[in-house]
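Each remark here refers to the structure printed beneath this line.
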Amino acid sequence: MKKIGNYVIAIVIILVIGIAAGFFLNAHFNRDAEPELTNAMVFDKLKAVSNLTTAQLSYNGIIRFEEGDIPFINKKSFIMTYFGEIHAGIDLAEARIKVGKSTVRVELPEVQIQHIKVDSDSMEFYDQKASLFNQVENKDVVEAIKYAEEDLQANADIKALKQRSKEQTEIIIDSIMADLVGDRELVIDWE
């Protein structure tokens, strides 16, 4: 009976050691294994950022507004200065992802102008001239804002703004994706 008890104790000890070794090996191998990178994983990471503004241009403008032909009868005019901003960026929800064995390719849409805003509080009017039948009115200020937005879009350096936005986007995507892509090369392509 004592021999059987020793065998049972030896078997229990061997089982406990085997189970402990199994847990240790399982934990060790699972810790070193990286999860498989998928297009969906990369897209979800980028989509979390979604509508990304990456560059802003501040602009001070001056506009001469005139309406009417005949001085003192129907011609009115004024000079206006203003401050405006243009924001550029991309919608990362439109990105296309291709995960390969050695690369992660991110295809991005073209940079878009996202927002043009003239700060109405910054508007200042000079040299206001009204006429008998055409006075400067509040509706002229609304028109002036529209002209200021058109002036801003026509005279600001949009090309340089879009280029700066592309460069900033690449830096941001590189930092977002650094941990996720691991040893793979991150390739960013533009439409």
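Worth pointing out:
- Estimated FRET transfer efficiency (residue 121, residue 183; beta-carbon r; R0 35 Å; 0.05): 0.10
- For residue 103, nonlocal amide neighbours, meaning residues 5 or more places apart or on other chains whose placed amide H falls under 5 Å from its own, are 185.
- Note on 165, 175, 77: ascending count of other Cβ atoms within 10 Å places them as 175, 77, 165, the fewest first.
- When each of 80, 123 is scored by the number of other beta-carbon atoms lying within 10 Å, the sequence from fewest to most is 123, 80.
- Distant-in-sequence amide contacts of residue 114, defined by a placed amide H-H separation under 5 Å and a gap of 5 or more residues or a different chain, comprise 87, 88, 89.
- In a fully extended conformation the segment linking residue 163 and residue 62 would gain 33.8 nm over its present Cα-Cα distance, using 0.36 nm per residue.
- With a Förster radius of 35 Å applied to the C-beta separation of residue 107 and residue 146, the computed FRET efficiency comes to 0.45.
- Each of 166, 117, 159 was scored by other Cβ atoms within 10 Å of its Cβ. Listed from fewest to most, they are 159, 117, 166.
- Cα→Cβ-extended label distance, 7 Å offset, between residue 79 and residue 91, nm: 4.2
Bear in mind that the values in this text are calculations on the coordinates, not laboratory data. Only a predicted model underlies this, so the values are computations on that prediction, with no experimental measurement involved. Backbone-built Cβ (ideal geometry, glycine too); neighbour counts: all protein chains shown.
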